[in-house]
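Report on the structure given below.
The values are calculated or read from the model by the stated rules, or taken from the named source; none is laboratory data. On a predicted model such as this, the values are computed, not experimentally measured, just so you know. Because the Cβ atoms are built from the backbone with ideal geometry, glycine has one as well, and the counts that use them run over all protein chains shown. The area values use the complete protein model at the heavy-atom level, side chains included, leaving out ligands, DNA and RNA. Shrake-Rupley method; radii C 1.70, N 1.55, O 1.52, S 1.80 Å.
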Amino acid sequence: MIMAPIPARNSSTAPQPNGQPQPTKLPVASQRVEGPLTDVWTLFNQYTAKYKAINLGQGFMGFPAPQFVKDAGSAAAQVESCMQYAPPRGVPALRDELAKNYSQFLDRPVDPNTNIVVAAGGNEALLSVLAAFLDPGDEAVMMEPAFDQYFANLKLLNAVPKYVPLRVRPGIDATQNVISASDWVLDIDELRAAITPRTKVLIINTPHNPIGKVFTYDELQQIGQVAQEHNLVILSDEVYDRLTYDGHTHHSIATLPGMWNRTVIACSAGKAFGVTGWRIGWMIGAEHLILPCLRAHTRLIFTVNSPMQLAIANAFKAAHKNDFFNTQRQEYWERRHHLCQSLDAVGLPYTIPDGSYFILANTGKIKIPADFEFPLEVSSQGRCYEMCYFFTKEIGVTGIPPSEFYSDEHAQLADNYIRLAFCKPLELLDQVGERLVRLKQYM
Ligand code: PMP
């Protein structure tokens, strides 16, 4: 994640009493929110519009939300009790539904009154958990590539990120071959080595964005062992918990022996029901962990909007009757299949995701012509950005540079990758296939 600093903002031309425009100082933002003037999502959205590219960059759904979910939303918007503040823990109807769902999934009793807090999306759940357990200077360790909000949230808290990259198993050539998400592995000794006496939190993300890795029980056991040795809180980002493919089972690390007492799970209704704009998520964990999260959440945002909480509660009820989650999984499988077929057709290798809705394509084979020109804001960020810009401008398909998901120290590991989101309609994914054919002349 290479960040160009915001230029110093110390001049304006406000007229002065003598009639001469004189520089006046403008307030300067805190370092906690420093970063490039244009973030990567905005930058590539702008290029997408400029070059009329198909946008597989940002992970929002490109198809309509399920009708029964929208109906639940419309109905909830009329319920009088939803017109006022919800309790900070969340609307009881949603907590009851979540308790039922997660008692089953986690195979343990989950109490709606003590084990759950409803958040404003997965993002707020993440921030609340981190705020609950990290003092300034404390460290959180995570595996790269990592969802970019982790870094940003830690910075906001004056906490320190520590990174351990997931790497493709030795002996596998990802530039030439289609590989499995399970070929990306963690070196557990590297994880151990990254931990210091200041480390308080270990962040894990399964199913993983952007690799699509679904951590196995054994992998989680090893990671849990490290957390146990160092008395770490585990923040388990499971926002894609309902999107796994080909029989891969999502395990929550909270279900492993001893882990319930140190894990907070963060989830997202946006991902579960295809309504990322509703901003509903939740935290689940043991009471002694959830209480500090509730305090952080209450101070950060107080409470989440009431109608959409009720709507998600009713959507869960309906989803069990209409087998929504299985249908949705099948639909995503088909989208994944269409994009994989398109990549196969041009011979562009990629990682087959076992979960989530992203594909990391490997661009190692592609040779960008020497005279191809890049704007400075792109060339200053390295090959990964250049390749994504080339894809947008020349091929007409936008992806996201995964260097965004790495620390500066390890950003070069992303050099040969582009992240493509397949939460898009099949017709659009097929058009992507037609456009990708143009890549052949550059391979
Ligand atoms: N974690 C991961 C890994 C994600 O990819 C996302 C969304 N892109 C989130 C958390 C945040 O989810 P939400 O949209 O519910 O805030």
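Counting each DSSP H run of 4 or more residues in the chain as -39500 (n - 2.57), what helix-only mean residue ellipticity at 222 nm follows after dividing by all residues, to the nearest 500 deg cm²/dmol?
-11000 deg cm²/dmol
Quick check: convex hull of the Cα atoms in segment 11-107, volume per residue, rounded to a whole Å³? The partial results should precede the final answer.
On the way: hull volume 29.7 nm³, N = 97.
Expressed per residue, the convex hull around the Cα atoms of segment 11-107 is 307 Å³.
So for segment 209-366, what percent of the C-alpha to C-alpha distances run longer than 25 Å? Each step should come with its number before you reach the end.
Values: 5410 of 12403 pairs.
More than 25 Å apart: 44 percent of the Cα pairs in segment 209-366.
With no solvent and one point on each alpha carbon, what is the Debye value of log10 I(q)/I(0) for segment 67-322 at q = 0.08, 0.13, 0.14 Å⁻¹?
-0.31, -0.81, -0.93
Which number comes out as Rg/Rh for the chain once both Rg and the Kirkwood Rh are worked out on C-alpha atoms?
Value, to two decimals: 0.98.
Just order 120-131, 285-296 by mean Cβ neighbour count inside 10 Å, highest at the front, would you?
120-131, 285-296
For residue 104 and residue 22, what does the FRET efficiency come to when R0 = 41 Å and r is the distance between their Cβ atoms, rounded to the nearest 0.05?
Values: r = 68 Å, r/R0 = 1.65.
For R0 = 41 Å, the calculated efficiency reads 0.05.
Tell me whether segment 339-443 comes out rounded, prolate or oblate; compute the Cα gyration tensor, take square roots of the eigenvalues as a ≥ b ≥ c, and use a/c under 1.5 as the rounded threshold.
oblate
Which lysines, on any chain, are close to residue 70 with Cα under 17 Å apart, when same-chain ones fewer than 8 places away are left out?
271, 317, 321
If you scale each eigenvalue of the Cα gyration tensor by 5 and take the root, what three semi-axes come out for segment 110-196, rounded to whole angstrom and sorted largest first?
30, 18, 13
Fully extended, how many nm does the chain gain between residue 96 and residue 367 (0.36 nm per residue separation, minus their Cα-Cα distance)?
Here the answer is 92.1 nm.
For Cα pairs less than 8 Å apart in space and 6+ apart in sequence, what is the mean separation divided by the residue count of segment 67-322, i.e. the relative contact order in percent?
Numbers: 470 pairs, mean separation 80.1, N = 256.
The value is 31 percent.
Take 60, 422 and sort them by solvent-accessible surface of the protein heavy atoms, 1.4 Å probe, largest at the top.
My answer, sorted largest first, is 60, 422.
Taking θ as phi - 60°, what are the ³J(HN,Hα) couplings along segment 253-265 by the Karplus curve (6.51, -1.76, 1.60), each to the nearest whole Hz, with x for Gly and Pro?
Going residue by residue, I get 4, 5, 8, 7, x, x, 8, 4, 6, 10, 10, 10, 8 Hz, with x marking Gly and Pro.
Probe radius 1.4 Å, ligands and nucleic acids ignored: give me the carbon and sulfur share of the accessible area of the chain as a rounded percent. Write down the numbers at each step before the final one.
Working: 9780 of 18660 Å².
The nonpolar share, carbon plus sulfur, comes to 52 percent.
What is the extension gain from residue 189 to residue 229, computed as 0.36 nm multiplied by their sequence separation minus the C-alpha to C-alpha distance, in nm to one decimal? List each step's numbers first, then the result.
On the way: separation 40, 0.36 × 40 = 14.40 nm, distance 1.29 nm.
Stretched fully, the residue 189-residue 229 segment lengthens by 13.1 nm.
With 26 Å as the limit, write out which pairs from 213/440; 162/213; 365/393; 213/365; 393/424; 50/440 have Cα-Cα distances beyond it, or answer none.
213/440
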